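In what follows, a single structure is set out as structure tokens and then discussed.
Values quoted throughout were computed directly from the atomic coordinates according to the rules given, and no laboratory measurement underlies them. Keep in mind the model is a prediction, meaning the values are calculated, not measured. In this analysis, Cβ positions are derived from the backbone assuming ideal geometry, glycine residues included, and neighbour counts consider all displayed protein chains.
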Amino acid sequence: MSKALRITLFSLLGLAVALGLFIPATLWMRGQVKQTQVIHDSRMAPVILVPGSSATQNRFNGLITTLNQRTSGHSLLKVTVKTDGSMTSTGSIAARDNEPYIVVAFENNKDGYNNIKKQARWFNIAMKKLMATYHFNRFKGIGHSNGGLIWTLFLEKYYASASMTLSDLMTIGTPYNLEESNASNRTQMLVDLIKAKKKLPTSLTVYSLAGTATYSGDGTVPLSSVESGKYIFQNQVKHYTQITVSGDDASHSDLPQNRQIESYIQQYILTNPNQQGVHVPASGQARPGVGSAPDE
Amino acid sequence: MKKLLHRYFHSRFYAILTATFHPLLPLVLLGTYAQALLVAAFSRNGFFTEVFGLKSWLPGYALIRQGLAMLTAYTLGLLGLLTAIFAARAVARRNPTLAMLVAGIGFLILNTTRLALLGPGLGLGGLLLGLLFGMLVGWLLNLARPRLTASFIIILAVAIRLGLNALAVGEISPSFTGIPHGGVGVLLAVMANSVLAWFGLTPLIDPLSPLLTGPTATANLTAVLAHKTVPYLTTLGTLYRPFALFGGVGGTLGLIIAILLVDRRRTKRQLAKWSLGPGLVNLNLPLLVGYPLLLNPFMLIPLTLAPLAATALAWVALHLHLMTAAVYHVPATTPGPMLAWLATNGNWPALIVAFVCLAASVAIYWPFVKMLEEVAPDV
């Protein structure tokens, strides 16, 4: 065998061995890194509820009481954000509870686009504190009425997809076009929300629930205003589902107590309805005044 | 320079060194191959074990593992002792057999303390002390009345051993804390590591120790997983381990390549070829005692310079944001140039920088290999 041939043969063999190591090693590493990432992501993924205008942190008490009768193992923490960004809280997150409810309400809970913008900012402050205190980076969202607007504004303005993941958002009777019943008359808020829609996470699943007491709305919010949400979410988020409920408790302020909506929350929002080994304080609600406030 | 080199290669010390390690070389090669297979393919964190899932499908895995562990233990695990015996033989002129006997027994006495921690160790850890002890024994037996001296040496060894025992009971043991990070700390650690290996001592950062440990590595990994910027760019874990340890301490994969490229001496070429296998999983003992690098004053220069240059190159590339930081955990036995690629989870620039570092170490070893080839031709 000539020297040149030998060298060629050896280099080819070396190359084959190198590739035979390189490719499996790279594939193995990708798997390892993915696994490490999963371990890093928080096990806790709370359901965060934001009430609408004029509502306090107790707005969802009825809803959560009923949900806790149907499911088990979900504790409740309620926080109110003051106008200066400080927070007070009631209730607590039970040990081993990976899916607690956290209600975030605002001291200034007035209606109006300017107030909603402020509330979105306060919500961002509260989320940062909650994530740091309770060590989570994944969560699901429910917003009633203007609460849905606060969520949308938060997503477009403050949400940092690099460090947090909102997988599902359910808005209930949310007036995406405020009180305007004619969809072709877009309010400034709707125009702004549509303008910034590209900021919405593309992995998000959105359910927009509308109530109908009459054929045109839930008595407070026009159906067409709720349906205007499609201009914001459709073709941007992963899934956008519009559901209209009617019958008992379908008027705007009754929606959080609506049986069907409770079922939808249980079905679409809760990942693990019946958690084992979590001791939730009696009657499914945390006693008021118990539990420590998140760090200021 | 050449005159100095010439004098060194014809010095009595070099002759003793060669006479000590040359007969041990086959044993070293066997032991290193067994160790390479053991740590890379037959241990839990080995590169081949992990990547190819060997444990789950290879028949006789446990048995092979046992065999390799024994092979390693009875070769490399006795290297300190054997060094003492052969060094004594190399130094002793009149009574080599007696010198071997005394050095062997004496070294055993010194090394079976209650806490093995305080003894220099029968294995690799005892390489330098074995050499010095053996040389001392050989020299003492060259003096008058060797048989009487032999008894004295053994009695003295027992006395030292009793002292060591007392120390062991007092639990006085050396320890160092904290892995340095930041420019100066990393540079000093890189240099210290090469110098320790050159002396035949256990290096601070063993190429076989887990790649990423300590608070800085954890902080880096956590930051990357949270998609934040890496807080500690200049650490041994981000610069030294993935870029400067190819082939073992000193980046000796570069030396192997340099020998294969320029050295025409048959014995050294053969040594380089044999060292390639263990060198791929970052073990370099055959080169250390065979080339030899150990206590060779001229080779200390590239042994220190090559990893320093590689670390500096990696530092520049990292701080110019040419590549991402190595933060992920990879097996210590990952073939050298692949370390950075895997530890960055497949960053192409990092792979290129790794090859640049390898090329730099080849370039640094090159002139030294050339020089030694001229001064010490094959016998």
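Just a few scattered comments:
- Debye equation applied to the C-alpha atoms of chain A, log10 I(q)/I(0) at 0.08, 0.12, 0.14, 0.17 Å⁻¹: -0.39, -0.75, -1.01, -1.44
- Of the DSSP H helices in chain A, those whose Cα atoms cover at least 18 Å axially and whose Kyte score averages 0.5 or more: A:3-40
- Sorted largest first, extent of segment B:63-158 alpha carbons per principal axis (Å): 51, 26, 18
- Structural descriptor for chain A: relative contact order 22 percent, calculated from alpha carbon pairs under 8 angstrom and at least 6 residues apart.
- Violating pairs (Cα-Cα greater than 30 angstrom) within the set A:34/A:230; A:118/A:199; A:110/A:238; A:140/B:55; A:110/A:198; A:3/B:2: A:34/A:230; A:110/A:238; A:140/B:55; A:3/B:2
- All other residues whose Cβ lies under 13 angstrom from that of residue A:106 are scored, Lys and Arg at +1 and Asp and Glu at -1, for a net of +4.
- The mean sequence distance of close C-alpha pairs (under 8 Å, at least 6 residues apart), as a share of the length of segment A:115-269, puts its relative contact order at 22 percent.
- Size-normalised alpha-carbon gyration radius of chain B, reference 2.2 N^0.38 Å: 1.05
- Counting Lys and Arg as +1 and Asp and Glu as -1 over every other residue whose Cβ lies under 12 Å from the Cβ of residue A:41, the net charge comes to +3.
- Computed [θ] at 222 nm, deg cm²/dmol, chain A (DSSP H ≥ 4; -39,500 (n - 2.57); rounded to nearest 500): -11500 deg cm²/dmol
- C-alpha long axis of helix B:12-21 to longest principal axis of chain B, angle in °: 70
- Beta bridges from DSSP with both residues in segment A:136-276: antiparallel share about 5 percent, rounded to the nearest 5.
- Taking other C-beta atoms within 10 Å as the exposure proxy, A:96, B:264 rank B:264, A:96 from fewest upward.
- Using Cβ point charges alone (K and R +1, D and E -1), the dipole size of segment B:2-169 about the Cα centre works out to roughly 600 debye.
- Normalised by 2.2 N^0.38 Å, where N is the number of residues, the alpha-carbon radius of gyration of segment A:1-40 equals 1.93.
- Gyration tensor verdict on segment B:3-105 (Cα atoms; rounded if a/c is under 1.5, prolate if a/b is larger than b/c, oblate otherwise): oblate
- Residue B:101 sits among other residues whose Cβ lies under 12 Å from its own Cβ, and their net charge, with Lys and Arg +1 and Asp and Glu -1, is +2.
- Euclidean distance of C-alpha centroids, segment A:199-257 and segment B:311-379, integer Å: 59
- For peptide B:136-147, the mean count of partner chain Cβ atoms within 10 Å of a residue's Cβ comes to 0.
- Note on segment A:1-47 and segment A:126-140: Cα centroid distance 36 Å, given to the nearest whole angstrom.
- Ascending count of other beta-carbon atoms within 10 Å, so fewest first, for B:241, A:121: A:121, B:241
- Packing-based exposure ordering (other Cβ within 10 Å, fewest first) of B:319, B:329: B:319, B:329
- Check: chain B dipole with +1 on Lys, Arg Cβ and -1 on Asp, Glu Cβ, in debye: 1000
- Beta bridge orientation in the protein assembly as shown: antiparallel %, DSSP, nearest 5: 20
- Taking a point 7 Å from the Cα of residue A:38 along the Cα-to-Cβ direction, none of the residues of segment B:24-48 has its backbone N closer than 18 Å to it.
- Remark: C-alpha extents of the protein assembly as shown on the principal axes read 116, 63, 50 Å, sorted largest to smallest.
- Most mobile listed residue (B:219, B:310, B:326) in chain B, GNM with C-alpha springs under 10 Å: B:219
- For segment A:144-189, diffusion coefficient by Stokes-Einstein and Kirkwood Rh (Cα), 10 °C, 1.306 mPa s, µm²/s: 133
- Förster-model FRET efficiency, 30 Å R0, residue A:11 and residue B:266, C-beta, rounded to 0.05: 0.85
- Counting Cβ atoms of other protein chains within 10 Å of each residue's Cβ and taking the mean over peptide A:32-40 gives 4.
- Choice from A:40, A:144, A:135 with maximal GNM fluctuation in chain A (Cα, 10 Å cutoff): A:40
- The alpha carbon centroids of segment B:194-245 and segment B:269-295 are separated by 24 Å.
- Per-residue packing, averaged as other Cβ atoms within 10 Å, sorts the ranges B:269-276, A:255-262, A:269-276 into the order A:255-262, B:269-276, A:269-276, beginning with the highest.
- Put a plus charge on the Cβ of each Lys and Arg, a minus charge on the Cβ of each Asp and Glu, and nothing anywhere else: the dipole of the protein assembly as shown about its Cα centre is then about 2800 debye.
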